[in-house]
Amino acid sequence: MFSRFTKVALLSSVILAISACQTTPLTKEDKSISNTYDVQGANKKDLYHNVNVWMAENYNSSKEVIQYSNEEKGVIVGKGNIRYPCDGFSCLGKSNWRVHYTMKVDVKDGKFRTSFDNLELSWPASYSGGISSPAYQGPVHNKSDYDLIRPVLLEQGKGIKDSLTNEKAESDW
């Protein structure tokens, strides 16, 4: 009924239209992903140690490692990656996407702060229906991607805080 060229042209037009809707430019505030967590009664040394343990337990790939750690300054920096956060129809064509990032944790008595930067997307090369797409790894450029990624990264800070609370409960086993 439709020629192969017509199908490819129609598919390309649909993809271009969808992409055009999702290219809202990013502001500096959009790129800022950080949060501070209060941990009453915890001292800087214990927080520093526990954050290192959390990162070691949760970043288990050879590319996800602690890049810098300074106990005196209370700073830990690690590189990580997660699956691109999508579900249902929004995952169409994005199931193999990864989000790479740098996570910095600053600790002091009674609190810690997580911040994320250097966000990059990556996906492998693919070939489907006669259409070839090259592999990609580069910065996140649009707001819709940041809006999906931000809550997943901030959840890591909640995970650290939860692990500190659970450690106190389990310390008297």
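The values are calculated or read from the model by the stated rules, or taken from the named source; none is laboratory data. A quick note: this is a predicted structure, and the numbers were derived from the prediction, not measured. Here Cβ is always computed from backbone atoms with ideal geometry, including for glycine, and neighbour counts include all displayed protein chains.
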Being surrounded by 15 or more Cβ atoms within 10 Å (Cβ to Cβ), under 16 Å from residue 140 (Cβ atoms) and in contact (Cβ under 8 Å) with a residue 60 or more places away in the chain is the filter here, so list the residues in the range 84-118 that pass it. 84, 85, 86, 115, 116
For residue 139, are the conditions met, namely being under 16 Å from the mean Cα position of the chain (by Cα) and either modelled with pLDDT of 90 or more or loosely packed, with under 13 Cβ neighbours inside 10 Å (or both)? yes
Residue list for the range 30-57, filter: assigned to a helix (DSSP H, G or I) and closer than 14 Å to residue 102 by Cα: 31, 55
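Here are some residues: 80, 157. Which one is under 20 Å from residue 38 (Cβ atoms), in contact (Cβ under 8 Å) with a residue 12 or more places away in the chain, of a type outside the set (Lys, Arg) and buried (at least 18 other Cβ atoms within 10 Å of the Cβ)?
After applying the criteria, what remains is 157.
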Return the residues of the range 90-148 that are in a strand (DSSP E or B) and among the small types (Gly, Ala, Ser); say none if nothing qualifies. 115, 122, 126, 128, 132, 133, 138
